[in-house]
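Inspection log for the structure reproduced underneath, given as structure tokens.
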Amino acid sequence: MTNQRRRAAGLGLKVIKSAIDPMFEGLRAEFESMMLSPNGFHDAAEACARAWDDCTRPSETKRIAAQFERATAWLRLCGRRKTINRRANSYLLKHEAEDWWRSQCERCDNYVSNGCLLMAAIRLGFTFDRPAWRRDFPNASLNISQRRPRGNSYYS
């Protein structure tokens, strides 16, 4: 039970579980133990739990599920390599994914959070590495190829 649900139950309020997107709940169950939230990696479990709790409004959970789906679709078009690509961390890749989506549909929501890109990559089987010297860093590098779908922007 999340802190928000505990507070609501303590106030005698009914929490409608179906209002929270089921994909959001699945992502949280799968990735919170890895200290990964929609914001990226965290260095403490409490910080990660707070980040997940901060986005439990129904509209926010649907947006996060959509970001995860956009990241997944873009990553499926990307090649992989055997080694970690240190030239592109997840923050750069999230911008590349957004640019590609923008080039596909100018009026569509194209936002992809750093954490959603990382969750999609992990679920698709990409390997990742976080800098050992900086555990509070929310980004990671992936075994992603330099050949990736591009949009038109500074990052591409």
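The values are calculated or read from the model by the stated rules, or taken from the named source; none is laboratory data. None of these values were measured; they are calculated from a predicted model. Cβ: placed from backbone, ideal geometry, glycine included. Neighbour counts: every protein chain shown.
Remarks
- The number of residues in the stretch 105-136 being out of contact with any strand residue (DSSP E or B) (no Cβ under 7 Å at 6 or more places or on another chain) and hydrophobic (A, V, I, L, M, F, W, C) comes to 9.
- Filter result for Ala51 (farther than 26 Å from Pro149 by Cβ, out of contact with any helix residue (DSSP H, G or I) (no Cβ under 9 Å at 6 or more places or on another chain) and among the small types (Gly, Ala, Ser)): no
- Annotation: of all residues in the stretch 66-96 being in contact with a helix residue (DSSP H, G or I) (Cβ under 8 Å, 6 or more places away or on another chain) and of a type in the set (S, T, N, Q), the one that is nearest to Ile122 (Cα to Cα) is Thr72.
- Ala97 vs. criteria of a type in the set (Gly, Ala, Ser) and in contact with a Gly (Cβ under 9 Å, 6 or more places away or on another chain): yes
- Selection status of Arg57, on the phi < 0 side of the Ramachandran plot, touching a strand residue (DSSP E or B) at 6+ places or on another chain (Cβ under 9 Å) and exposed (fewer than 15 other Cβ atoms within 10 Å of the Cβ): no
- Meets criteria (out of contact with any helix residue (DSSP H, G or I) (no Cβ under 6 Å at 6 or more places or on another chain), over 18 Å from Phe128 (Cα atoms) and part of a helix (DSSP H, G or I)) for Arg63: yes
- Scanning the stretch 60-99 for residues that are farther than 18 Å from Ser37 by Cβ and not hydrophobic (A, V, I, L, M, F, W, C) yields a total of 13.
- Some residue of the stretch 100-108 being assigned to a helix (DSSP H, G or I) and under 18 Å from Ser37 (Cα atoms): no
- For the stretch 16-24, the condition of being surrounded by 14 or more Cβ atoms within 10 Å (Cβ to Cβ) and modelled with pLDDT of 90 or more holds for at least one residue.
- Considering (1) at pLDDT 95 or above; (2) within 25 Å of Ala47 (Cα to Cα), the lone condition that Asp136 does not fulfil carries the number (1).
- So Ala132, is it aliphatic (A, V, I, L, M) and surrounded by 13 or more Cβ atoms within 10 Å (Cβ to Cβ): no
- Among the residues making up the stretch 46-82, a single one is among the polar types (S, T, N, Q) and free of Cβ contacts under 8 Å to residues at least 40 places away in the same chain: Ser59.
- Filtered residues of the stretch 105-140 (kept if without any contact (Cβ under 8 Å) to a residue 24 or more places away in the chain and within 22 Å of Gly151 (Cα to Cα)): Cys105, Glu106, Arg107, Cys108
- Test: residue in the stretch 44-54 that is touching a strand residue (DSSP E or B) at 6+ places or on another chain (Cβ under 6 Å) and not aromatic (Phe, Trp, Tyr): yes
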